[in-house]
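The numbers here are math on the coordinates, done by the rules we state, and not lab data. Just so we're clear, the structure is a prediction, and the values are computed from it rather than from any experiment. Cβ: placed from backbone, ideal geometry, glycine included. Neighbour counts: every protein chain shown.
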């Protein structure tokens, strides 16, 4: 009789195990399938959430100034954010198109010539002598110069085309993510409740605390790191476009990356300033230098204003997150990666602190 009961119990346990396995497998399959469907949009949605959470305090203040018109506030903030991205791109594209048009016309007419380099170019650190020699060679005999480097030029053109296409796609993705972020700001309250429930489900009773920590971390990084990087890049870009610096758009992208990984933008601006003195008049070059030094060092007074009592994040975490995110997801990944790794770091740190108090 006991053997029969044990056999029935084993059958019941086996039946329950099979049912549990099937349910778990079904749920896992649904989540995996959903992830594969949403994977192309995941980076955009993540940056939209990050943008919405980071900029939400500004949105609340601005909407109060507009008479609690939240939709108008969201539209205006989103438009300004999109313009900050688009204006440098438009200026760069316009100047590049004009330059290419002039170049093509000069080549057709046979009047195109490379101007000889300034003697100061040879004094540039590290690359001065080689740059001067190449530049001088091109100015003396352009046909011979092109023939000499023809294989390298053929290899470079497809790479440049691929880079431009990727950059255009990244900018479009960035704009879409900003619009998504604006939509998220309109449902901030339900979104906060959902986040609390998710953290409560995953972590337990202290889920709300971790949700609040996540919000504080995102705002700290968005305002104290990404916000400052964007402000510095915008104003440094204005200076470069005003002085008619060649490839100002590309230099602006490099400055943005350097600022996000929390390295001093002066690392980029020092060679730019040296180059400006090689072609610009003394007075504009001095004004450009003062402007560049001021905005390159602007993080010293912007951080206390924007960061306030924000969450302290080690520079290495931001650096690894930004570089890894950019490799993984392009321009959007640059922003998402830094915030995501900072968030993971703070949550892990909080879990370790909680474990020590138990």
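Report the gain in length on full extension from residue 139 to residue 280: 0.36 nm times residue separation, minus Cα-Cα distance, nm rounded to one decimal.
48.8 nm
On a full-extension model of 0.36 nm per residue, what is the gain between residue 15 and residue 70, subtracting their alpha-carbon distance, rounded to one decimal in nm?
Residue separation times 0.36 nm, minus the Cα-Cα distance, leaves 14.4 nm.
Any chance you could run the full-extension gain for residue 293 through residue 26? It's 0.36 nm times the residue separation minus the Cα-Cα distance, nm to one decimal.
In short, 90.2 nm is gained.
Using the 10 angstrom Cβ neighbour count as an exposure proxy, how do 55, 286, 215, 32 rank, fewest first?
32, 286, 215, 55
Enumerate the residues in region 169-183 having an amide nitrogen under 13 Å from the point lying 7 Å beyond the Cα of residue 79 toward its Cβ.
none
Going by how many other Cβ atoms sit within 10 Å of their own, how do 244, 353, 299, 196 line up, fewest first?
353, 244, 196, 299
For a quick check: sort 51, 301, 62 by the number of other beta carbons within 10 angstrom, fewest at the front.
With the sparsest Cβ surroundings first, the list reads 301, 62, 51.
Which FRET efficiency value, to the nearest 0.05, do you get for residue 131 and residue 87 by plugging their Cβ-Cβ distance into 1/(1 + (r/R0)^6) with R0 = 25 Å?
Once rounded, the FRET efficiency stands at 0.25.
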